[in-house]
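The values are calculated or read from the model by the stated rules, or taken from the named source; none is laboratory data. Quick caveat, the model's predicted, so the values are computed rather than measured. Cβ: placed from backbone, ideal geometry, glycine included. Neighbour counts: every protein chain shown. Keep in mind that these areas ignore ligands, DNA and RNA; they rest on the heavy atoms of the full protein, side chains included. Shrake-Rupley method; radii C 1.70, N 1.55, O 1.52, S 1.80 Å.
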Amino acid sequence: PEAYFKIYLHLEMPPAWCRKNPDELIRLDNGGDSLSNAPGKHRQASYASELWRTRMGIALKDAVRILQESPFADRIPYLRLCYANCGEWNHWGYHEKAFVDYSLPMQKAFGAWLKKKYGTNEALQKAWGRADANFLSENLVPARDVRLKGGDFLRLGGTETRSAVDYYTFFQEYAAETILCFAKIVKDASNRRLAVGAYYGYYFGHYGSNPYHFQDSGHYGVGKILPSPDIDFIGGPYQY
């Protein structure tokens, strides 16, 4: 009678959906077509996939409704939203020794962010030292050789590393905003009754995991997470 249930909701899509929607899935730079920690080892939806957000948003609303209608509703204090490697919002690719995400949805999302920052294609081209760059390009996410320039932490190097600096800045914000997008859905669907949390904010444990799991993890947008009224806690295992 004193039991409480902690609900962990994983936002991965089933293999059938992944096979049907290949353009919505992350793309690894090494051409790999599987993820060791994903259901059925299938590549999963890009953080930037609007279709994934829509479909998973519907699933979340349904899940909250079912939980609220259950006889255990008053015994469920919170939901923890889980995605990517081990459900911990560590971006995919670490175990595959791959950089991500080169999908078209992510290229478009990065392009929209760049437009807000630079305003004109000419300003972007000057900052990046790339005459072919524009906000609608499908090759904006920096390639492996660019990401590895300028040192593991600071990415020093002016125009040579500016695209990597921009991408990592963008992706930290975007990963946090993705969590908050789903957190708000749960909050609204539960009439703000349920507490909502996520694994997030692993700083020091990723420093030694270059090159695939440091800035690429997406865990450095804590400044966006903390002030949000839609998420109540973050955390995770202490360093392994």
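At 222 nm, what helix-only mean residue ellipticity would the chain give, in deg cm²/dmol to the nearest 500, using -39500 (n - 2.57) for each DSSP H run of four or more?
Mean residue ellipticity at 222 nm (helix-derived): -11500 deg cm²/dmol.
Kindly write out, for the range 16-28 in residue order, the coupling ³J(HN,Hα) from the Karplus curve 6.51 cos²θ - 1.76 cosθ + 1.60 (θ = phi - 60°), rounded to whole Hz, with x marking Gly and Pro.
Per residue, the Karplus-derived 3J(HN,Hα) values read 4, 5, 5, 5, 6, 10, x, 6, 8, 8, 4, 10, 8 Hz.
On the protein heavy atoms, probe 1.4 angstrom, tell me the percent of accessible surface of the range 104-224 carried by carbon and sulfur.
The C+S portion of the solvent-accessible surface of the range 104-224 is 56 percent.
Taking amide H positions as placed in the peptide plane 1.01 Å from N, state which residues far from ASN85 in sequence (5 or more) or on other chains have amide H under 5 Å from it.
ASN90, TRP92
Over 19 Å between Cα atoms: which of LYS61/LYS184; LYS20/LYS108; LYS184/LYS224; LYS6/LYS61; LYS115/LYS184; LYS117/LYS184 fall into that group?
Result: LYS20/LYS108; LYS115/LYS184; LYS117/LYS184 exceed 19 Å.
Quick one: putting +1 on the C-beta of Lys and Arg, -1 on the C-beta of Asp and Glu, what dipole do you get for the chain around its Cα centre, in Debye to the nearest 20?
It comes to approximately 240 debye.
From the phi of every residue in the range 172-179, what ³J(HN,Hα) in whole Hz does the Karplus formula 6.51 cos²θ - 1.76 cosθ + 1.60 yield, where θ is phi - 60° and glycine or proline is x?
Values per residue, Gly and Pro as x: 4, 5, 5, 4, 5, 5, 5, 4 Hz.
Compute, for GLU69, the solvent-accessible surface of its heavy atoms (probe 1.4 Å) with the complete set of protein chains present, and express it in square angstrom to the nearest 10.
Its accessible surface works out to 130 Å², give or take rounding.
What is the range 73-113 by shape, rounded, prolate or oblate, if you read a ≥ b ≥ c off the alpha carbon gyration tensor as root eigenvalues and call it rounded for a/c under 1.5, prolate for a/b larger than b/c, and oblate otherwise?
Oblate.
For the chain, with every protein chain kept in place, what is the accessible area per residue (1.4 Å probe, Å²)?
Per-residue value: 49 Å².
If I take every Cα pair under 8 Å that is 6 or more residues apart in the range 1-144, average their sequence separation and divide by the length, what percent do I get for the relative contact order?
Rounded, it is 29 percent for the range 1-144.
Net charge near TYR78, counting Lys/Arg +1 and Asp/Glu -1 over other residues with Cβ under 14 Å of its Cβ?
Every neighbour counted, the sum reads +3.
Once you sort the root eigenvalues of the Cα gyration tensor of the chain as a ≥ b ≥ c, which label holds: rounded (a/c under 1.5), prolate (a/b larger than b/c) or oblate (the other case)?
It comes out prolate by the Cα gyration axes.
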